[in-house]
Amino acid sequence: MNIVKENTGELSALLRINLVADDYQPQIEKVLREQQKKASMPGFRPGKVPFSLVKKMYGKSVMVDEINKFLNDTLYNYLKENNIDILGNPLPSEEQTPDVDWDNQTEFEFCYEIGLVPKVEISVSDKQKLNYYNITVSDEVVEKYLGDIRKRYGKFSTPETSEDGDLLYGEFKELDDAGNVIENGITNKASLSLEFIKSKTIKKSLIGLKKDDELTIDVAKATQNLTETAAILAITKEEAEKLKSNFKFTLLGISRVEPAELNEELFEKIYRNDAVKTEAELRDRIKKDAEISFVQESQKKFMSDAVELLIKEAKIQLPDEFLKKWLLTTNEKITPEQLVSEYQMYSDSMRWQLIENRLIIDNEIKVTEEEIKAYFKDFINKQLAQYGQEATPEDKLDEIAENLMKNKEEVKKVNDKLFDDKLYNHFETNFKVTKKDVTYEEFVKLASEK
């Protein structure tokens, strides 16, 4: 066996693997001997079929399987022994690999394309500036949250006349340019929430309607959202994108949520045993909950901005042509057209993985089994506390945590979260961070600018 590495670019190479019979024949013979022990054919006792017949029946398929296994092991052993770090997986090169005659050939050449991991040099210091946006909880935000809570716990009613905020159920029928219903056109019964109608003119026309009232509506203009338009009309997003028709809307029913009254009954439903007895205490609690939620949003944006900054500064080159080929080969869901529009996202994701790995190694960021167990114990305690259970004995917590840790998927989720937390703390400590107070509306605008 002989392996030759040929560089085809700064970050790509071709591996030529040449095999002779001595490389693979002993293993093929071994497998066929095992097959012989199990073989059963008319005229022969089980396990007594002549080896020549077994070889004739199974020799070619065994040869293909065993050579492929041998190639895979050889390939990865070569990469490991020569300290060659690759991106993705080796790809068989159809252009470079000669045609194979499995019936007569004894010597083979197989070629594989590989993408090489680039050198990554990255640092985090106070020379790098980042903003942390602290979202202030205004009275307007509290009022909105309070309104949402009152609706969530409110009572449904079916009024005669529609008002802003109602849910209208009706039938949509596609119209032609003359305003006539199109035979075999789009027809569907669906609900329309006035709260989410974007066009003020259309929303106004839908207020004051009674059952069986009819009007003409431009659904696409009303929602200004392809997904919502498609859902209302039971069509695809592609069809919604091309939609030009108006629709006749016939109102079949009105649903309304009457907001729950602010009283102790509502407070008990929301917070159970927590000490919320008055509207003022409820507003304070809403504000505190919003502050916790907003901290998570602020941290998420800070992390996103840090990732973007480091990707930009690292200027990591990738073997783009290889990666494009690898993505198309290994992911059947990606079309060449999608790859053109989404490759930047894929390549930046890979750049971040390389940067993250470098930071973890350079800064010795680790998550221990003890930390994972402690996370599970804290999680269990909080869950039990929500149901009013007093402090759980330590030995019981250990037992529950150890049972949870038998689930490898859950352990991986916690491990990834703790890694992210440690990376976040590293950024927060080492970047030059400027804290800026912003309203929720300002924050949403900042977040949507990306």
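Every read-out reported here was derived from the displayed coordinates using simple, explicitly stated rules and does not represent laboratory data. Predicted, not measured: the structure shown is a model, and the values here were computed from it. Here the Cβ is made from the backbone with ideal geometry for all residues, glycine too, and neighbour counts use every protein chain on show.
Within straight cross-link reach of K417, meaning Cα distance under 18 Å, which lysines are found once same-chain residues fewer than 8 apart are removed?
K300, K301, K366, K373, K377, K382, K406, K408
Here are several values of Kirkwood radius over Cα pairs in Å: (1) 23.2; (2) 29.7; (3) 22.0. Which one was derived from the coordinates shown?
(2)
Using a 7 Å offset from Cα along Cα-Cβ at Y343, what residues in the range 316-331 end up with backbone N under 11 Å from the label point?
Once the point is set 7 Å along Cα→Cβ of Y343, 319-328 turn out to lie under 11 Å by backbone N, inside the range 316-331.
Could you give the nm distance between label points at R150 and S448, where each point is 7 Å from its Cα heading toward the beta carbon?
Taking the simple label geometry, R150 and S448 are separated by 2.6 nm.
Between L215 and I235, what's the calculated FRET efficiency when r is the beta-carbon distance and R0 is 30 Å? Round to 0.05.
Working: r = 21 Å, r/R0 = 0.69.
Using R0 = 30 Å, I get an efficiency of 0.90.
Using Cα atoms only, what is the angle between the long axis of helix 279-314 and the major principal axis of the chain, expressed in degrees (0 to 90) to the nearest 10?
That works out to roughly 40 degrees.
So, R0 is 22 Å and r is the distance between the beta-carbons of K204 and L226; what FRET efficiency does that work out to, to 0.05?
0.40
Tell me the label-point distance for the pair E281, D378, using the 7 Å Cα-to-Cβ offset, in nm and rounded to one decimal.
Calculated label separation equals 2.8 nm.
Using Cβ contacts closer than 10 Å as the measure, can you line up T223, T250, T330 from fewest to most?
Least crowded to most crowded, the residues run T330, T250, T223.
Each label point is 7 Å from the Cα along the Cα-to-Cβ direction; what then is the distance between the points at E321 and S61, in nm?
Between E321 and S61, the label points sit 3.9 nm apart.
Could you pull out every residue, at least 5 positions away or on a different chain, whose amide H is within less than 5 Å of the one on L11? Hs are placed 1.01 Å off N in the peptide plane, and Pro or chain starts have none.
none
Which residues does the label zone of K435 cover in the range 282-310, counting backbone N under 20 Å from a point 7 Å along Cα→Cβ?
287-306
Please determine, in degrees from 0 to 90 and to the nearest 10, the orientation of helix 336-362 with respect to the longest principal axis defined by the Cα atoms of the chain, where the helix direction is its Cα long axis.
The answer is roughly 80 degrees.
Mind checking the full-extension length gain between K38 and K127? Use 0.36 nm per residue of separation minus the Cα-Cα distance, one decimal, nm.
Numbers: separation 89, 0.36 × 89 = 32.04 nm, distance 7.02 nm.
Going from the current span to full extension adds 25.0 nm.
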